[in-house]
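> Handing you this structure, nothing more for now.
Please treat every number below as a calculation from the coordinates, not as lab data. Keep in mind that what you see is a predicted model, and the values were worked out from it rather than measured. Quick reminder, even Gly has a Cβ in these numbers, built from the backbone with ideal geometry, and neighbours come from all protein chains shown.
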Amino acid sequence: MNTTKIHKNNTALEIALSKSFNLHIKEVIESRISSEIDTIHMDFTNCHILDSEAVIFMYKWQKAGNKLMLQNPPEILFNIITILELDEDWNLHYIKSKE
Amino acid sequence: MDVKLSISTDVKILGPLCDFTYSWSLSNGLTEKQATHFTVAVSELVTDIILFAYPNKSQAQFEIEYKDKLRNVEIIVQEVGEPFDPDRHRYNPEMAVSDGDFEGAGLRLIRRFCDNFLFINKGKEGKEFHLSKEKVIHDIDELIEQSRKEKPNEPKPADLKKAIPEKEFTYKQVTPSDAEDIAKLIYRTYGYTYSKEDLYFPKKIEQTLVGKEKLGIICRSPKGKAAGYFAILKKTDSNIGEVGEAVVSPNYRKRGIMSKMMEHLIEIAKSNKLAGIFGKAVTLHPVSQKVNHKYGFKTTALMLADSKNIKYKGFNEEYPQPISVVIDFLPIGPTKEKTVYLPSKYKKLLLETYKELDIQVKPKDPKSVKLAKKSDIELEINFDDLKALIVIKKYGSDFYSVLAEMLKSLDEQENLNVIYLDLPLENPSTPQQFKVVEKMGFIYSGLAPLFHQENDFLRLQKLMIPMDLNLIEAFSEFGKKVKKEIGNEYHKNT
């Protein structure tokens, strides 16, 4: 069972992802985005699998002028960004508190 | 560990499926990084199937098969959703950045995160995807290093004089506890050059023995040292087995151990009620074929380019082309007369092959045959040896289009040496459908007796590389005849 936790804090969504971030999780997150939401914080500490649906969602969110902050994104995220050739165009904001 | 799952087209399946794929990949030899990449590839593929093959259908089902092989892991996905052509969905990074159009992004990731990705459109049978990832193997290096330290010298003539008499050796059916001795025996005999590399892995040997996939005989000296090993590998889709993995330690050669082990193996095959056993004997020298024929095996087919060209111990130079093998077959026990439908082109040769095997058949010419609604065709790809086997289980009205699409996919996406095709000889449609196949560049390989579901098959082959047939040595007179037929056809086609 996927136990991604989503918490609304004023105009921000705080999301603690579980093991994988995929089409299903993207749809769950989209269903929680209301018009006043302009910021998403994503905690990847427990998430080590994500696919293009996740990456495209985050890319489009930030490109639309919203804020995106990631915590402990896994290496696979950067691999996918490179393969999809988005690295030069996307200024990703993230913090790493674990190695 | 092989697994087959039936998956619903509900997006909620993605999380559990990723969890399973990741754990399965780890437990079958991939590193954490490889397992992550492979899992992402599966996630991408399943997402595409849910979104594009079954739009708006969350209750449909499709199948995923996980296969653990020696050097890689493979996942085969089969679905019968809406038609789809991956070549029409190429990812364009400029379009992604400028227009937010990410079409084909998932497929780009699948191709990058797998070592092999093959898409086959099977017409009415739907679509099939093959994803594979190579394993990083450490154990073999450790084992070889250990064996290198312990490698014995070849026996001196004086030692042979002091030889232990033949009758003092013991022969027992192998058990999982013999696995390590077998791996060492293989190394000491063949060095690095034995073609079946799983025999360098004691754990792999143990698994096959525990799973009863293998029936083997081990010969031990009076002091309990492993002197020889020989096995029958049971086929999973028919009640026959392949003899192979024959090895006698250099210290104990020239004492009839190999012959004794073969006698024991034939007895084991009888007591296990196998319908037949066969050997795939290499054709770069006649030694294995000679041994097979001594025990009544008959050559039924010649398979060109069956395995990659490796340096064989005892040969100074590398054999310059992939290794071809003959199928030597031995029926076990009495066989009932059966009705077969033989394509006229090979009727004479096939009947001679049956005669060689002493199998009674009644050849029949079908009048009119109704085809099934859809074909049942199985494809197996061996990425290590660059070969594929297509087995026709049932002919449907879509037979030509499905087979043509399979061949096109293999030709465009894989760099194979050869494609083998098995046509069922007990199916009345075969003579008619053979005419279709003949135009696709297939030539004769031979008879594959009882090879699938206890039925006989005509094995054909389509070479994708040039071969020099002069380098192929067939031992028996009939083997030479089969080789000549194949040579004539090959030169006519090239």
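> Tell me, A:Cys47, B:Cys18 in order of fewest to most beta-carbon neighbours within 10 Å?
Sorted ascending by nearby Cβ count, the order is A:Cys47, B:Cys18.
> Measuring from label point to label point, each 7 Å out along Cα→Cβ, what is the B:Lys172 to A:Phe78 span in nm?
My value for the distance between the label points is 5.6 nm.
> Give the dimensionless ratio obtained when the Cα radius of gyration of chain B is divided by 2.2 N^0.38 Å.
1.05
> Let me ask something additional. Relative contact order of chain B, please, whole-number percent, based on alpha carbon pairs below 8 angstrom and at least 6 residues apart.
11 percent
> Given 10 °C and 1.306 mPa s, how large is the Stokes-Einstein diffusion coefficient of the range B:343-491 in µm²/s, with Rh as the Kirkwood radius over Cα pairs?
For the chosen part, D equals 97 µm²/s.
> Neighbouring Cβ atoms within 10 Å as the yardstick, rank B:Ser27, B:Ser368 fewest first.
Fewest-to-most ranking of B:Ser27, B:Ser368: B:Ser368, B:Ser27.
> Could you run the Karplus curve 6.51 cos²θ - 1.76 cosθ + 1.60 with θ = phi - 60° over the range B:227-238 and give me ³J(HN,Hα) per residue in whole Hz, x for Gly and Pro?
10, x, 8, 8, 9, 10, 9, 6, 6, 7, 10, 6
> Hey, another quick one. Consider all pairwise Cα distances in the protein assembly as shown and report the whole-number % of them above 42 Å.
Tail of the P(r) past 42 Å holds 35 percent of the pairs.
> Could you list which residues have their amide H under 5 Å from that of B:Asp306, counting only those 5 or more apart in sequence or on another chain, with H placed in the peptide plane?
B:Ile323, B:Ser324, B:Val325
> Within 10 Å of each Cβ in peptide A:17-26, how many partner chain Cβ atoms are there on average? Round it to a whole number, please.
Averaged over the peptide's residues, the number is 6.
> Let me ask something else about it. Under 1.5 on a/c is rounded, so check that first for the range B:70-135, then, if it is not, pick prolate when a/b is larger than b/c and oblate when it is not; a ≥ b ≥ c are the square roots of the alpha carbon gyration tensor eigenvalues.
Since a/c reaches 1.5 but b/c is at least a/b, the shape of the range B:70-135 is classed as oblate.
> Moving on. Mind sorting B:Thr236, A:Thr45, B:Thr39, B:Thr189 by how few other Cβ atoms lie within 10 Å of their own Cβ, fewest first?
Least crowded to most crowded, the residues run B:Thr236, A:Thr45, B:Thr189, B:Thr39.
> Over 19 Å between Cα atoms, which of B:Lys348/B:Lys435; B:Lys348/B:Lys480; B:Lys235/B:Lys408; B:Lys290/B:Lys481 qualify?
Over 19 Å Cα-Cα: B:Lys235/B:Lys408.
> Long-range amide H contacts for A:Leu50: which residues qualify at under 5 Å (H placed 1.01 Å from N, peptide plane, sequence gap of 5 or more or a different chain)?
Excluding prolines and chain starts, which carry no amide H, the hits are A:Phe21.
> Something else about it: When only Cα pairs under 8 Å and 6 or more residues apart are kept, what is the percent relative contact order across chain A?
25 percent.
> Moving on to the next point. Please state the charge dipole magnitude for the range B:236-367, taken about the Cα centre, from unit charges on C-beta atoms (+1 on K and R, -1 on D and E), reported in debye and rounded to the nearest 20.
280 debye
> Give the span of chain A's Cα atoms along each principal axis, as three whole-Å numbers ordered largest to smallest.
Dimensions of chain A along the principal axes of its Cα atoms: 33, 32, 26 Å.
> Still on this structure, I have one more. Which residue, B:Pro428, B:Val418, B:Ala404, has the largest displacement toward the positive end of the dipole of the range B:398-437 when charges sit on each Cβ (Lys, Arg +1; Asp, Glu -1)?
Of the candidates, B:Pro428 comes out farthest on the positive side.
> If the cut-off is a Cα-Cα distance under 25 Å, which lysines reach A:Lys60, setting aside same-chain residues fewer than 8 apart in sequence?
Leaving aside lysines fewer than 8 places away in the same chain, those within reach of A:Lys60 are A:Lys5, A:Lys8, A:Lys19, A:Lys26, A:Lys96, B:Lys12.
> Would you mind checking which residues have amide H under 5 Å from A:Lys8's amide H? H placed 1.01 Å from N; only 5 or more apart, or other chain.
Under 5 Å from the amide H of A:Lys8 lie the amide H atoms of A:Glu14, each far enough along the sequence or on another chain.
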